[in-house]
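J.: I'd like to ask some things about the structure below.
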Amino acid sequence: MATATEPRRPTAPHGQQRDFRAGRERPVGGFELWGWLFMRISGIVLLVLAIGHTLIMTVVDDGVGRVDFGFVATRWASPFWRTWDWMLLVLALIHGINGLRVITLDYVRRPGVRLTINMVFYVLGFTLFVLGSVVVFTFDASKWPGYAG
């Protein structure tokens with residue numbers, strides 16, 4: 001029982017006290033386990049992709065001053081760089097939306113509100129995924145006026 005000086009902790013299943021300072025428990029199975037694993041693996045992959053992207057765009061050669069339309073057009077002429085940028089986009093979106101879903105599960109108690117908030121995140125994420133994918137896969141520099149490529 002909580003005393004006047006000790007804050008009352010919410011009860012976990014089976015009458016056990018849950019200590020929120022310890023963080024979330026690792027899920028034991030199902031969708032939550034796969035989501036948990038995805039967040040760890042995608043975080044590592046995103047770290048490699050983002051650091052590589054940052055080094056290439058800002059450190060190598062003349063730095064960020066060389067990044068313009070022609071640079072992007074030349075870079076995206078290679079399927080490797082299109083795939084790299086698309087993977088960065090997709091993993092960042094899914095990682096971020098899943099993170100927002102977990103935060104919503106932790107802090108929004110009413111199921112209807114939680115569902116509504118998560119659906120807004122899913123629709124926004126899907127819309128950004130479609131728009132980003134269209135740009136990455138349909139970009140053709142030769143169709144832009146003034147491009148001397």
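The values are calculated or read from the model by the stated rules, or taken from the named source; none is laboratory data. The structure presented is a predicted model; accordingly, all values stated were derived computationally and were not measured. All Cβ positions, glycine included, derive from the backbone under ideal geometry; neighbour counts span all protein chains shown. We work out accessible area using only protein heavy atoms, side chains counted, and drop any ligands, DNA or RNA first. Shrake-Rupley method; radii C 1.70, N 1.55, O 1.52, S 1.80 Å.
J.: Only one residue in 99, 125 is touching a residue at least 60 places away in the same chain (Cβ under 8 Å), open to solvent by less than 40 Å² (accessible area, probe 1.4 Å) and on the phi < 0 side of the Ramachandran plot, so which one is that?
T.: After applying the criteria, what remains is 99.
J.: Tell me, which residue of the range 128-149 that is surrounded by 13 or more Cβ atoms within 10 Å (Cβ to Cβ) and of a type in the set (A, V, I, L, M) is modelled with the highest pLDDT?
T.: 128
J.: For the range 63-107, which residues satisfy the criterion of being over 30 Å from residue 34 (Cα atoms), among the charged types (D, E, K, R) and in a helix (DSSP H, G or I)?
T.: Result: 66, 75.
J.: Moving on. Filter the range 62-95 for residues that are free of Cβ contacts under 8 Å to residues at least 12 places away in the same chain, β-branched (Val, Ile, Thr) and over 30 Å from residue 122 (Cα atoms) and give the result.
T.: If the condition is that a residue be free of Cβ contacts under 8 Å to residues at least 12 places away in the same chain, β-branched (Val, Ile, Thr) and over 30 Å from residue 122 (Cα atoms), then 64, 67 are the ones that fit.
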